[in-house]
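Notes follow the structure.
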Amino acid sequence: MHDYVQTPASFLGRKLMTSHADHLAYLLARDIDRAAQQDIETKGSFHLALAGGTSLLKVFQMLAQSFANLHWHTVHVWQVDERCVPHQDERSNFQTLDRELLRFVDIPYSNIHPMPVDVSGSLCDPELGGAHAYSETIRHVVPNSQFDMVVLGVGTDGHVASLFPGSPDLRVDSSTHVVITNDGPANTQRRMTLTLPILNRSRRVAVFITGSHKQDIVKRLEASGRGQASIDRLPVLGVNPVNGTVTWYMDYNAYTGDHHQHAFI
Ligand SMILES: O=C1O[C@H](COP(=O)(O)O)[C@@H](O)[C@H](O)[C@H]1O
């Protein structure tokens, strides 16, 4: 006897989409494709910022396999966050992005915007001003510094991009768009990351959460209050674009865990 669970259409007041992980990756890739087609038709370009982590691998692969016909030459790809490691390092988010997506699509080199974490072997050296440089590139290339779509993951501790619980970077002023952080757990090295103010300027945000190891964080988010104290504890709660949409994509394992069968309502 299967246990049927109906999932609601919203999570924390924003749209929720649930499915099995593979299908969910397809749905998100399809939504990126649709948004890109719409924006390319109306304004001629599409600025897409992509997070790192393992959950998004399936989405990158899906985009490469099923949506390679998108007009990639008018798409700009940006990074949400990056570890301060060389691009050849397997921990590099850019390496993953390139390996799983960029090398398979027809995107011009000049439309790819890796975070400058490795400048001639100097990794996130504050003297070299990499965070400022990335912020300036965004300001010059992205109209109104407003990404058309940002795709995020969530850590089991509630971190989003490379903004970790308790980080002072969760309280930066609205003009600070890119920072170097060193606030993660002991085993995470320094990183470069977009901040909440620029994420919250985006026109569309997708948050992709899969796997039963994310069940606890989903429950904590659901039970949490709002306000700065909650954001300090669970940074993803700070993603709340005033003029943009947020869609949560959660697979059944992350959302309802042990139940076997599910249905949309
Ligand atoms: O460290 C990071 O973690 C989050 C979540 O990653 P996942 O492996 O659990 O999918 C990710 O969104 C972030 O960009 C990344 O740098």
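Close amide H partners of Met17, meaning residues 5 or more places away or on another chain with modelled amide H under 5 Å apart, are Trp248, Tyr249, Met250. Under 5 Å from the amide H of Arg204 lie the amide H atoms of Met149, Val150, Thr245, each residue being 5 or more positions distant or on a separate chain, with H modelled from the backbone and absent for Pro and chain starts.
Give the shape of the range 81-240 as rounded, prolate or oblate, defined through the alpha-carbon gyration tensor: a ≥ b ≥ c are the square roots of its eigenvalues, a/c under 1.5 means rounded, and otherwise the shape is prolate if a/b is larger than b/c and oblate if not.
Taking the square roots of the gyration eigenvalues as a ≥ b ≥ c, the range 81-240 is rounded.
For the chain, hydrophobic long helices are taken as DSSP H runs at least 30 Å long by C-alpha position along their axis with mean Kyte-Doolittle hydropathy of -1.0 or more; these are 21-43. Counting only residues at least eight positions apart within a chain, or on another chain, the aspartates and glutamates with an alpha carbon under 13 Å from that of Lys214 are Asp157, Glu222, Asp251, Asp258.
Per the 1.4 Å probe, what fraction of the accessible area of the range 4-264, in percent, lies on carbon and sulfur atoms?
Numbers: 5530 of 11540 Å².
Of the solvent-accessible surface of the range 4-264, carbon and sulfur hold 48 percent.
Of Asp251, Asp98, the order by accessible heavy-atom surface (1.4 Å probe, DNA, RNA and ligands excluded), from most exposed downward, is Asp98, Asp251. The range 16-44 and the range 213-262 have Cα centres spaced 20 Å apart.
The values are calculated or read from the model by the stated rules, or taken from the named source; none is laboratory data. Since the model is a prediction, treat every value here as computed from it, not as a measurement. Just the protein is used for accessible areas: all its heavy atoms, side chains included, with ligands, DNA and RNA removed. Shrake-Rupley method; radii C 1.70, N 1.55, O 1.52, S 1.80 Å.
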